[in-house]
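What follows is a set of notes on a single structure, which appears directly below.
What follows draws every value from the coordinates through simple rules; no lab data is involved. Because the structure is a prediction, the values reported are computed rather than measured. Backbone-built Cβ (ideal geometry, glycine too); neighbour counts: all protein chains shown.
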C-alpha cells in the first residue's frame with residue numbers, strides 16, 4: 001500500500017516532442033506528490049509538485065496532471081529538449097510519526113531526448 | 001549557500017569490512033534522510049531523523065546497517081560486514097521541519113568487492 005508504481009522504465013523522445021511519465025499509488029493518505037529530476041552523478045532535485053486538491057499544475061514546459069479518483073498522476077514535458085535527458089522519479093508523501101515528510105519514490109524513468 | 005555534502009564520494013571496500021558514510025545537511029535543516037539507490041533502480045528509503053525524536057529506522061535492510069546523528073547535524077551511516085549486494089549509491093537528504101522539499105547530496109558510491 002506504500003508503493004508508488006512508475007512507468008515506463010525508459011523513454012526515448014524526439015527533440016520538440018512531448019514526454020509523458022505515469023505513476024499510480026494506492027495509499028489515499030498520501031497528501032503531496034513531487035517529481036524529482038536526477039542527472040548522472042548527482043542527487044535528485046525537486047522539479048515540480050502537486051497536492052491532491054488540484055488536477056493540474058504547470059511550471060514552464062513541465063505539467064503534472066493529477067487524477068485523484070484513479071489514484072494516478074503524470075508528468076508531461078512539452079517541447080522536450082536534450083537537456084531534459086535525465087532520470088525522473090515520481091514520489092508521494094506521507095507524514096511520519098514525528099511530523100517529518102517521509103517520501104516514497106517510484107522506480108524511476110530514464111528519459112533520453114534525441115536531437 | 002552550501003548544499004548537502006557527503007563523503008567520501010566513492011568508497012571501494014572488501015567484503016566483510018565495515019564502512020562509514022558521512023552526511024552534512026544544510027544548516028538549519030532538522031530532518032535528515034538516508035536512501036539507497038542501486039544501479040538503474042529507484043530510491044530505497046533507509047532511515048530518517050527529525051530533531052530530537054526517535055529515528056524512523058523502518059527501511060534499514062538488516063541489523064548490519066545503522067545510523068546516528070550527532071548534535072542534530074552530521075549523520076553517519078555505518079554498514080558492518082559489508083556484502084556485495086550492499087554495492088549502491090547512498091544518498092542523504094535534508095529538509096526544514098514541516099516542509100515538503102528534500103534537498104539531496106551527491107551521494108556516496110559504495111563498491112564491495
- Do the conditions hold for residue A:46, that is, is it in contact with a strand residue (DSSP E or B) (Cβ under 7 Å, 6 or more places away or on another chain) and within 20 Å of residue B:44 (Cβ to Cβ)? yes
- Message: For segment B:94-105, give me each residue that is facing another protein chain (nearest Cβ under 9 Å) and in a strand (DSSP E or B).
- Response: B:95, B:103, B:104
- Taking strands (runs of 3 or more DSSP E) that fall entirely within segment A:32-115, which contain at least 2 residues that are at the interface with chain B (Cβ under 10 Å from one of its Cβ atoms) and more than 12 Å from the chain's Cα centre (by Cα)? A:86-95, A:101-105
- Please specify each residue of segment B:50-79 satisfying the condition of being surrounded by 13 or more Cβ atoms within 10 Å (Cβ to Cβ) and within 8 Å of chain A (Cβ to nearest Cβ). B:50, B:51, B:53, B:56
- Tally of residues being surrounded by 16 or more Cβ atoms within 10 Å (Cβ to Cβ) and within 24 Å of residue B:92 (Cβ to Cβ) across segment A:25-74: 13
- Task: Please go through segment B:17-30 and pick out each residue that is within 16 Å of residue B:79 (Cα to Cα) and not in a strand (DSSP E or B).
- Result: B:17, B:18
- Is it the case that some residue within segment A:7-21 is touching a residue at least 40 places away in the same chain (Cβ under 8 Å), within 13 Å of chain B (Cβ to nearest Cβ) and surrounded by fewer than 14 Cβ atoms within 10 Å (Cβ to Cβ)? yes
- Name the single residue, out of those in segment B:6-16 being in contact with a strand residue (DSSP E or B) (Cβ under 8 Å, 6 or more places away or on another chain) and either farther than 24 Å from residue B:80 by Cβ or assigned to a loop (DSSP other than H, G, I, E, B) (or both), that is nearest to the other protein chains (Cβ to nearest Cβ). B:9
- Query: Which one of these is over 21 Å from residue A:102 (Cβ atoms), buried (at least 17 other Cβ atoms within 10 Å of the Cβ), within 12 Å of chain A (Cβ to nearest Cβ) and touching a residue at least 12 places away in the same chain (Cβ under 8 Å): B:30, B:108, B:82?
  - Reply: B:108
